[in-house]
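One structure is given here, and the rest of the page talks about it.
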């Protein structure tokens, strides 16, 4: 097995470089998984490295490969491979790709927890400003959710969690200079849920105005004021359009827990003025968005 494996090592290593398209071995770019070690805290990174090393060892044993065989394939000494398998080091991106191809396993074989779409989205929201949300260190970051526009889009299309929806307020405030609001509106119009964006933006705007009366540091005051100005200017013509088309749109029920007509009537009656203006039925209030702002800056 030694010579064949040695020759295969060169070919696969070259293929790995082509697949990743990266010179930096700290980056693994494989299909929809893009994992950058620096995106995670030290403890989480160490846990992930240990988990990956353990699973490579498990694969090696299951396929009846010796350490010598695998070390030769990966261009390592047997001692170095032994250290990595014990968690005292990590494989490069190219080496992991060689393992994937050689043992014919999918990249998510290495994930400690199979990430659900909701947990990936929550991690993205936490990374982009919703820092009060619990971020799972075992969930690999995905390239699809690196851009703030896409994170807001996915949150509003899915509407899986009221807490995640309210967390859009600090995300918007933190990234107001990076968000393409016009494109976001167009994308959500195409998805058939354009009003959700207007509703979230107006709630965020009012939440920011609520926070103005509090004793904020200069950094937060400047950030919030900038977001307030941008949102107010973007919303002004849209609110005029909404007024001109009042009554045209049917109600949209956002809350998943509404399962009876009586519950619907109760939620409808308690909906905020903003929700009623956008013809959206939900328990979420402007105070929920303001609360998310306070939590994200560690004031609550």
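What follows draws every value from the coordinates through simple rules; no lab data is involved. Since we're looking at a predicted model, the values are computed, not measured. Positions of Cβ are backbone-derived with ideal geometry, glycine not excepted, and every protein chain shown enters the neighbour counts.
Structural remarks
- Between residue 216 and residue 287, the C-beta separation translates, for a Förster distance of 25 Å, into a calculated FRET efficiency of about 0.90.
- Rounded Å value of the spacing that divides the Cα centres of the range 164-179 and the range 61-135: 32 Å
- Summary of packing: across the peptides 177-190, 265-278, the per-residue average of other C-beta atoms within 10 Å ranks them, highest first, as 265-278, 177-190.
- On the beta carbon distance between residue 118 and residue 226, with R0 = 22 Å, the FRET formula returns roughly 0.15.
- Rough spin-label spacing in nm, given labels placed 7 Å along Cα→Cβ, for residue 260 and residue 46: 5.3 nm
- Linear extension gain, residue 62 paired with residue 161, 0.36 nm per residue minus alpha-carbon span: 31.6 nm
- The calculated FRET efficiency for the pair residue 186 and residue 244, based on their C-beta separation and a Förster distance of 22 Å, comes to about 0.65.
- Relative packing of peptides 98-105, 58-65, 145-152 - highest average C-beta neighbours within 10 Å first: 145-152, 98-105, 58-65
- Mean separation of Cα contacts under 8 Å (6+ apart) over length of the range 224-289, as relative contact order %: 31 percent
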